[in-house]
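Here is the structure we will look at.
Throughout, read-outs are computed from the coordinates displayed, never taken from laboratory work. Computed from a predicted structure; not experimentally measured.
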Amino acid sequence: NKHLYFLLFKKRKRKHKELNQGESDLQVYHEKVRKVILEGSRALLDEGFTCGYFYSDKANEGSESVSRPSAGSRLADLCEMAKELPFATENEETSVQTVGEGANSTEHLDLFTRVTENNMDCSRLVTLMGEQYLLPPQCSFLLSDMSKMQPLLNYQKYDVIVLDPPWENKSVKRSNRYSFLPASQLKRIPVPGLSAPGCLVITWVTNRQKHLRFIREELYPHWSVEVLAEWLWVKITNSGEYVFPLDSPHKKPYEILVLGRYSGGKESSLRSSEKQEIPVPDQKLIVSVPSTLHSHKPSLADVLKEYVDPAAKCLELFARNLQPGWTSWGNEVLRPRHPNLSVTLGILS
C-alpha cells in the first residue's frame, strides 16, 4: 500500500508540472513577444526615469486594482430594468438629447433610450440620479446593454471603434467582481452597422490564447474585419518595474490589442479604395502605470492620432468612462466624480 501511494503521489506531482494546452499556447506566444517587450520597454523606462516620471520608493506604489466607490453596479442594474422601456423613437433626430447650459438641464434626461451629448467645448459637471458626473467636452454616450443599442446605430458611423469586452474567465467567475460576456455573444455587437468605410477596429484581449484565436479566426471575419496588427500594453509600477515578473508562469505584465480594418460591403470597399489609409505597424508597445480602477485601460486617443484622420469619429464599446471628442457605450459608462482617482501615465513606443 505504501508503495502504491508513493507511485500515485509521484504520478500526480509529475502531472501537475505539465502545461495544459492553454498554458502551452501562452508560452509559445510569450517567447514570440518577450524580446520586443524587454527591449522596447527598457528604453522607454530609462527615459521615464530621466524625465522624473518614476520614483524608487516602493512603499508608495499604488495597487493595480484598488477598489474605489462607484455607481457602476447600480447603473448596470438600472440598465437591466430599462430593458422593459420602449424605444423613444426610431427617428435619428429625436434619438439624441443634448445637455443644456442651465443648472437644472439634467433633471429630465432619458439616459437609457437616447444618446446624450455634451456639445460644449468645456467639461460639464452634472448631477444625475443623485451622483455628480464630469462630462468631457464634445463627448456623447449611450447608457445601455446590447438589447438597447438602436439609438447608437441611428446616431452616426465611426472611423475608429475600440472594444474592451468583459472576457469570461475562471477568476472572474469565482470572484464575482464584475459581469462577463461569453465570447460567442460578442458576435451580436453590430460593428458593421456602426462602421464607416475603412473603419479601424481595435479589441482589447487578455493573454488567454483561446480568446486571441477567437478574435482573429471568428469574430473579425464575422464582422468583415481584416486583421492588421497586434499591439501590446505593458503594465508597470510607479517605480518602473513590471507589475508581474515578465516570465511569470501565471500572470503576465501585458495585455494584447488586435487591430483590424472593416472591409465589408460593396460601398465600403469602393470608398476605402478611394482614400489613402495610413499603415498600422505591428507590435507597437503602450507602456503605462495602470489606473487604480479595476480593469481600466489607458486611453488610445493620443496613440491613434498618427493613424487616423484628425476629424475621425471615434467610439468606445464597453466603456467605463467618457473621453473628450468620443462616443462611449456600455452599462457602466458613467462613473461618479471622485477627486482622488489617479490618472494613467502613458509612454508610447
For VAL162, residues with placed amide H under 5 Å, excluding near neighbours: ILE202, LEU315, GLU316, LEU317
Rounded if a/c under 1.5, otherwise prolate or oblate - region 108-154, Cα gyration tensor axes: oblate
Unsatisfied cross-links (Cα-Cα over 30 Å) in the set LYS148/LYS284; LYS32/LYS235; LYS148/LYS235; LYS35/LYS187: LYS148/LYS284; LYS148/LYS235; LYS35/LYS187
Computed over region 120-246, Kirkwood Rh from alpha-carbon pairs, angstrom: 17.6 Å
